[in-house]
Amino acid sequence: MGSEKEAKSDLLYTEYVTAQLEQLRRLAYALCQDAHRADDLVQEAITKLYLNWHNIHKIVNLDRYVRAIVVREFLNTQRLGWARRVRLSDKPPEGSSPAAASVEDRLVLQAALKQMPPRQRAVVVLRFMCDLSVEDVADILGCSDGTVKSQTSAGLNTLRRHLGAFLLEDRANARH
Amino acid sequence: MQDTNEQVRNIFATIDTRPPGLSTVDVARAIETGKRRKRFRRLGLSGAAVSLSVLAAIAIPYALQADHDRRKEATATASASAEPSAKASPTPTAKPGFQTRHYDRPGARALPTSCEGTKLPVPGGGIKSYVRNLDPSGRYVTGRIYGGDPEPVLWRDGKATRVPMGGNDDGLEAANTKGDAVGFSYPEGGPRSKAYVGGVLHELKGGTAEATGINDRGRISGHLVQDRIFKPVVWPSANADPIELAVPQGVWYARAFDIDEDGTVVGHIGDTGQRVAYVWYPDGTAQALPTPVFEGKPATDFDARRVRNGWVTGLVLLAQQRVAGVRWDLVTGKAEVLDQIEWSNDVGPSGWIVGMDRANDAVLTDGVTILKLPNVFAKPTGYGMNWGEAISDDGLTIAGLNDDKAHDGEQRGVVWKCR
């Protein structure tokens, strides 16, 4: 039983995870839109990575693999309905509907993402924030390329609806 | 001029930020937790003995032990292993002032001894399917299939009928013994509730809404979704206007998940993190279900998902920071924590529960004995889980989900027939 071997393996793990941490936290935050939950997702994802660390030589693309763990954690928590966030209060929650031109892009986009079904949200974040290919996203989500494409298209429709005339083509025109 | 994708990427760059505040991610803690889980697995202890974070408890664990399951192509038979377990909760807890009701209950009977699982067919050649519910007779299964876009499906005696709704991620949620079913679609503009009655698809009145349950009288449970306000409702029939169910003042988020034959509806009030399971009776009264208590500590977040003949099951996040099964009895007003299982997804008229145990296997339990349901497909070692989602009134038909190891853990709907 090599405790020395284990210590070395732990060191490699720590180095790898430390280097990835920022990226994973950004991904988790974009997916769940909640800082605490994002860190919980990442904590659990890296724990699972640790449990499988001795098998990493079998994994072709480690970065994608770790992202996939984060995304699957996110989808599982969503499935159980953990991520709905409206508090008991003495007034209705603020609507997340659009989107005057003065509103920060980020806030509008976050509002739009919250309105998407979890898998659709994961697809657009992976495609457009992480800049992954259709094939990579399909691999991470365990679905077909066609599903990723249709979810991307649906996600873009949702974005257009929320971001309104200010966005996309019109935005580009305004800037040029 | 940028192309559209480039523009979208630019917008997404605005959310590519680190979460505000100090990071709580701790690499050393991940190693420590990982080592502890490995130890417990080697010892063969259940996850229940391990102190896990909330997410750890509800997430799919990376089980590293050899996968002993033998993959079978289409069916799996096993003498289901009945293992007596400790009594689920030493002292089920009651709530002072809880208004109890009378229900006629069948006498106690023994759990089945063997179950055989069969995968549900996916028309169109897709792999994945997702099961949501069974009718009380066990003939009809509701859910959806995946092969390109998801499509709602009603299976009758194992034969699939597609019920296209034209939205995104649509599905059928529940059916009654006549084969009438309800569900919802996600077109642009929010969810639309649907009823499939006599073979015809109707949109339910009330605007954006999700329909969740239907009983044999055709009454439908669900909730209106108005921006971020969720209002529980009952539709007396597929053509009727929805009737809002009472919630305490100041509650803006409440959902109804199921309706019993007598019209009793269950669900929850309050948002995630502080949900309280709730019951609405047909006479218009309503009350919070008793708080589940485990090892002396009351839970702070729990909801009710299914009701049958006065038995209610749902999900509870224990004060011990793990998810566990829970069963309420509207006759006695008691809440019983079932810590041996992680999910208590549905309950039958005898109080039998289907769900998932701590080893991520599908189970049937009467609250004392736990019966593992045989795998139709082996779980992937990385992240697999199989679970029971619905149970028929006679307790002999169970619908659920089973990972398909050959397809990277994609879930396939299965039906177990028990004897």
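The values are calculated or read from the model by the stated rules, or taken from the named source; none is laboratory data. What you are looking at is a predicted structure, and each value in this text was computed from that prediction instead of being measured. Glycine gets a Cβ as well: all are built from the backbone with ideal geometry, and neighbour counts include every protein chain shown. Surface accessibility is based on the protein's heavy atoms, side chains included, excluding ligands, DNA and RNA. Shrake-Rupley method; radii C 1.70, N 1.55, O 1.52, S 1.80 Å.
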### Tally, over segment B:108-120, of residues that are in a loop (DSSP other than H, G, I, E, B) and surrounded by 15 or more Cβ atoms within 10 Å (Cβ to Cβ)
4
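For the structure I just gave you, tell me whether B:ALA28 is modelled with pLDDT of 80 or more, facing another protein chain (nearest Cβ under 9 Å) and either surrounded by fewer than 17 Cβ atoms within 10 Å (Cβ to Cβ) or within 23 Å of B:ALA359 (Cα to Cα) (or both). It would help to see each step written out before you state the result.
On the way: modelled with pLDDT of 80 or more: yes; facing another protein chain (nearest Cβ under 9 Å): yes; either surrounded by fewer than 17 Cβ atoms within 10 Å (Cβ to Cβ) or within 23 Å of B:ALA359 (Cα to Cα) (or both): yes.
Answer is yes for this residue.
Going by the conditions given, is B:GLY206 in contact (Cβ under 8 Å) with a residue 24 or more places away in the chain, in a strand (DSSP E or B), more than 22 Å from B:ASP393 (Cα to Cα) and more than 16 Å from the chain's Cα centre (by Cα)?
yes
In the list B:ASP271, B:ASP303, which residue meets the criterion of being open to solvent by less than 40 Å² (accessible area, probe 1.4 Å), within 24 Å of B:SER392 (Cα to Cα) and among the acidic types (Asp, Glu)?
So the residue among B:ASP271, B:ASP303 that is open to solvent by less than 40 Å² (accessible area, probe 1.4 Å), within 24 Å of B:SER392 (Cα to Cα) and among the acidic types (Asp, Glu) is B:ASP303.
Please work out if B:GLN226 is closer than 24 Å to B:ARG132 by Cβ, at the interface with chain A (Cβ under 10 Å from one of its Cβ atoms) and more than 19 Å from the chain's Cα centre (by Cα).
It is true that B:GLN226 is closer than 24 Å to B:ARG132 by Cβ, at the interface with chain A (Cβ under 10 Å from one of its Cβ atoms) and more than 19 Å from the chain's Cα centre (by Cα).
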#### Entry: Search result, residues across segment A:33-48 that are part of a helix (DSSP H, G or I) and open to solvent by 10 Å² or more (accessible area, probe 1.4 Å)
A:ALA35, A:HIS36, A:ARG37, A:ASP40, A:GLN43
### Query
What number of residues within segment B:306-325 satisfy the criterion of being closer than 19 Å to B:ASP366 by Cβ and of a type in the set (S, T, N, Q)?
2
### Task
Name, by its number, the condition in (1) open to solvent by less than 10 Å² (accessible area, probe 1.4 Å); (2) of a type in the set (Asp, Glu); (3) within 16 Å of the chain's Cα centre (by Cα) that does not hold for B:ASP361.
(1)
### Task
May I ask you to verify whether B:LYS178 is outside any strand (DSSP E or B) and over 22 Å from the mean Cα position of the chain (by Cα)?
yes
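Here is a yes/no grid of residues against (1) of a type outside the set (A, V, I, L, M); (2) open to solvent by 30 Å² or more (accessible area, probe 1.4 Å); (3) at pLDDT 85 or above; (4) closer than 16 Å to A:TYR29 by Cα:
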{"position": "A:PRO98", "(1), (2), (3), (4)": "yes, yes, no, no"}
{"position": "A:LEU109", "(1), (2), (3), (4)": "no, no, no, yes"}
{"position": "A:ALA112", "(1), (2), (3), (4)": "no, no, no, yes"}
{"position": "A:VAL123", "(1), (2), (3), (4)": "no, no, yes, yes"}
{"position": "A:LEU126", "(1), (2), (3), (4)": "no, no, yes, yes"}
{"position": "A:MET129", "(1), (2), (3), (4)": "no, no, no, yes"}
{"position": "A:ASP139", "(1), (2), (3), (4)": "yes, yes, no, no"}
### Query
Is segment A:43-57 home to any residue that is of a type outside the set (D, E, K, R) and closer than 23 Å to A:LEU113 by Cβ?
yes
## Note on the structure
Counted residues in segment B:123-141 being under 21 Å from B:VAL197 (Cβ atoms) and of a type in the set (Lys, Arg) come to 2
### Query
Is it fair to say B:ARG308 is open to solvent by 10 Å² or more (accessible area, probe 1.4 Å) and within 16 Å of the chain's Cα centre (by Cα)?
yes
### Task
Collect the residues in segment A:128-148 that are at the interface with another protein chain (Cβ under 9 Å from one of its Cβ atoms), part of a helix (DSSP H, G or I) and either within 22 Å of B:ASP170 (Cβ to Cβ) or in contact with a Phe, Trp or Tyr (Cβ under 8 Å, 6 or more places away or on another chain) (or both), keeping them in residue-number order.
A:PHE128, A:MET129, A:GLY146, A:THR147
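Table: residues versus (1) assigned to a strand (DSSP E or B); (2) open to solvent by 30 Å² or more (accessible area, probe 1.4 Å).
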site: B:ALA160; (1), (2): yes, yes
site: B:GLU173; (1), (2): yes, no
site: B:PRO187; (1), (2): no, yes
site: B:GLY190; (1), (2): no, no
site: B:LYS194; (1), (2): yes, no
site: B:HIS202; (1), (2): yes, yes
site: B:ASP216; (1), (2): no, yes
#### Entry: In segment A:150-161, the residues that are more than 9 Å from chain B (Cβ to nearest Cβ) and open to solvent by 40 Å² or more (accessible area, probe 1.4 Å)
A:SER153, A:ARG160
#### Entry: Every residue from segment B:205-228 that is hydrophobic (A, V, I, L, M, F, W, C) and in contact with a Gly (Cβ under 9 Å, 6 or more places away or on another chain)
B:ALA209, B:ALA211, B:ILE220, B:LEU224, B:VAL225
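Does A:TYR29 meet the test of being open to solvent by 10 Å² or more (accessible area, probe 1.4 Å) and either outside the structural domain of A:VAL124 (by TED's automatic domain parsing) or assigned to a helix (DSSP H, G or I) (or both)?
Working: open to solvent by 10 Å² or more (accessible area, probe 1.4 Å): yes; either outside the structural domain of A:VAL124 (by TED's automatic domain parsing) or assigned to a helix (DSSP H, G or I) (or both): yes.
Criteria met by A:TYR29.
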